[in-house]
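What follows is a short report on a single structure.
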């Protein structure tokens with residue numbers, strides 16, 4: 001029985017940035033591209049994503065505020081947020097991890113690296129699926 005594809009909402013700064021990601025990611029996932037914070041929250045109202053891919057330096061958007069809002073919301077706090085950035089700014093990159101982002105990638109990155117970083121978010125689920133359960137019984141002394 002095939003599982004349905006994982007759902008990813010992704011928010012990056014320009015249509016140009018969306019195109020390469022979309023072409024690659026749509027082969028593996030069900031995608032919900034958004035370009036604004038409003039679009040992100042509207043999509044979250046109707047889609048239960050397995051992951052959010054978020055560009056941290058977006059014109060007109062407070063990506064740090066978005067991450068903080070997602071991570072403190074009881075409905076969305078468990079959704080992994082993987083951040084991408086064109087800037088290698090150690091302070092900003094540290095801040096997103098401190099706010100609860102699961103991972104980050106600095107552009108440029110390969111499709112293979114992007115795929116691996118996304119799949120890593122669900123690695124613990126796979127290991128839990130296949131972990132044997134061992135019970136031990138001790139008799140009281």
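The values are calculated or read from the model by the stated rules, or taken from the named source; none is laboratory data. Just so we're clear, the structure is a prediction, and the values are computed from it rather than from any experiment. Ideal geometry is used to build each Cβ from the backbone, glycine not excepted, and the neighbour counts take in all protein chains shown.
Filtering the stretch 68-80 to residues that are closer than 17 Å to residue 118 by Cβ and touching a helix residue (DSSP H, G or I) at 6+ places or on another chain (Cβ under 8 Å) leaves only 79.
All conditions but one from (1) buried (at least 16 other Cβ atoms within 10 Å of the Cβ); (2) more than 16 Å from residue 12 (Cα to Cα); (3) modelled with pLDDT under 95 apply to residue 104; the one that does not is (2).
Consider the stretch 32-53 and keep the residues that are free of Cβ contacts under 8 Å to residues at least 60 places away in the same chain and within 20 Å of residue 123 (Cα to Cα). The one that is surrounded by the most Cβ atoms within 10 Å (Cβ to Cβ) is 52.
The set of residues in the stretch 54-69 being surrounded by fewer than 18 Cβ atoms within 10 Å (Cβ to Cβ) and either free of Cβ contacts under 8 Å to residues at least 40 places away in the same chain or out of contact with any strand residue (DSSP E or B) (no Cβ under 8 Å at 6 or more places or on another chain) (or both) consists of 59, 60, 62, 64, 65, 68, 69. Among the residues here, residue 50 qualifies as at negative phi, at pLDDT 85 or above and under 15 Å from the mean Cα position of the chain (by Cα).
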